[in-house]
1. Restricting attention to the stretch 167-184, which residues are among the small types (Gly, Ala, Ser), loosely packed, with under 13 Cβ neighbours inside 10 Å and within 17 Å of Lys91 (Cβ to Cβ)?
2. Tell me, which residue of the stretch 127-144 that is in contact with a helix residue (DSSP H, G or I) (Cβ under 6 Å, 6 or more places away or on another chain) and outside any helix (DSSP H, G or I) is least open to solvent (accessible area, probe 1.4 Å)?
3. Can you name every residue in the stretch 147-177 that is at pLDDT below 85 and of a type in the set (A, V, I, L, M, F, W, C)?
4. What is the number of the single condition among (1) at pLDDT below 70; (2) open to solvent by 70 Å² or more (accessible area, probe 1.4 Å) that Ala18 does not meet?
5. Condition check: within 17 Å of the chain's Cα centre (by Cα) and modelled with pLDDT of 90 or more. Does Val35 satisfy that?
6. Could you list, in sequence order, all residues of the stretch 196-213 that are in a helix (DSSP H, G or I) and either without any contact (Cβ under 8 Å) to a residue 24 or more places away in the chain or open to solvent by 50 Å² or more (accessible area, probe 1.4 Å) (or both)?
7. With the requirement that a residue be touching a residue at least 60 places away in the same chain (Cβ under 8 Å) and not acidic (Asp, Glu), what does the stretch 174-194 give you?
8. Looking at Thr187, Thr133, which one is of a type in the set (S, T, N, Q) and under 25 Å from Asp23 (Cβ atoms)?
Amino acid sequence: MYEKSNGDQNRKSQEQEASPKNDRIFWTLPNYLTVENAAHVSPLTTGGKFKLTAKDSFDPVEIPYISLLAAISQAQNSEPTYGQGAAGYGKRYGTAFADNTIGNFMTEAIFPSMLRQDPRYFQLGKGGFWRRTVYAFSRLVVTRTDSGLSQFNYSEIAGNGIGAGIASSYHPAQDRSFSKTMSIWGTQIMWDGVANEMKEFWPDIHHWLRRNK
């Protein structure tokens, strides 16, 4: 009985280590896929990758975030065939939500599961500002495998490419061009790079703010 209980506790501890805490960036942005102590983290299962991606994609804060993107798109009258008014805004909201969700699942769940790569961001957490800045951006092309090795980040590069290709299929016909697809692909990678920087430095900012209250 004791051995079984101890084994259950060990498995529970490993599951907790494999599941990043929800320490929201600037107390709002979901941060489920950041790991601060990489030396003591178990690999994610396929189910764990999809679960964390779903939490990230359908977090309540995504509603105002997508709403803002749609509002900006409407103000710029991008994809003019959508028109203006509530109908045009609804179409822009729908496509922005689809773009974001498909991109997330491609880079954080589907490709990582197929290629056995870890979708989480493993914070460096030490060294000078520029070293950590370069490290954060380098995670766009270098990632960690489920076995703990370093590997080219196919999930990020190819996953966003496939996501951009899928997006072209439901955007207006006149916007279905190679240059538009490449623009979506490049923009998504750029924002992922910005997100990496926030994930790298947010714990430091958070600790500094708490210490100086």
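The values are calculated or read from the model by the stated rules, or taken from the named source; none is laboratory data. Bear in mind that the values here come from a model prediction, so they are computed numbers and not experimental data. In this analysis, Cβ positions are derived from the backbone assuming ideal geometry, glycine residues included, and neighbour counts consider all displayed protein chains. Keep in mind that these areas ignore ligands, DNA and RNA; they rest on the heavy atoms of the full protein, side chains included. Shrake-Rupley method; radii C 1.70, N 1.55, O 1.52, S 1.80 Å.
1. Ser169, Ala173
2. By that ranking, first place goes to Leu140.
3. Answer for the stretch 147-177, where residues must be at pLDDT below 85 and of a type in the set (A, V, I, L, M, F, W, C): just Ala173.
4. For Ala18, the exception is condition (2).
5. Judged against the criteria, Val35 is not a match.
6. Met198, Asp204, Ile205, His207, Trp208, Leu209, Arg210, Arg211
7. Result: Gln174, Ile184, Gln188.
8. The match here is Thr133.
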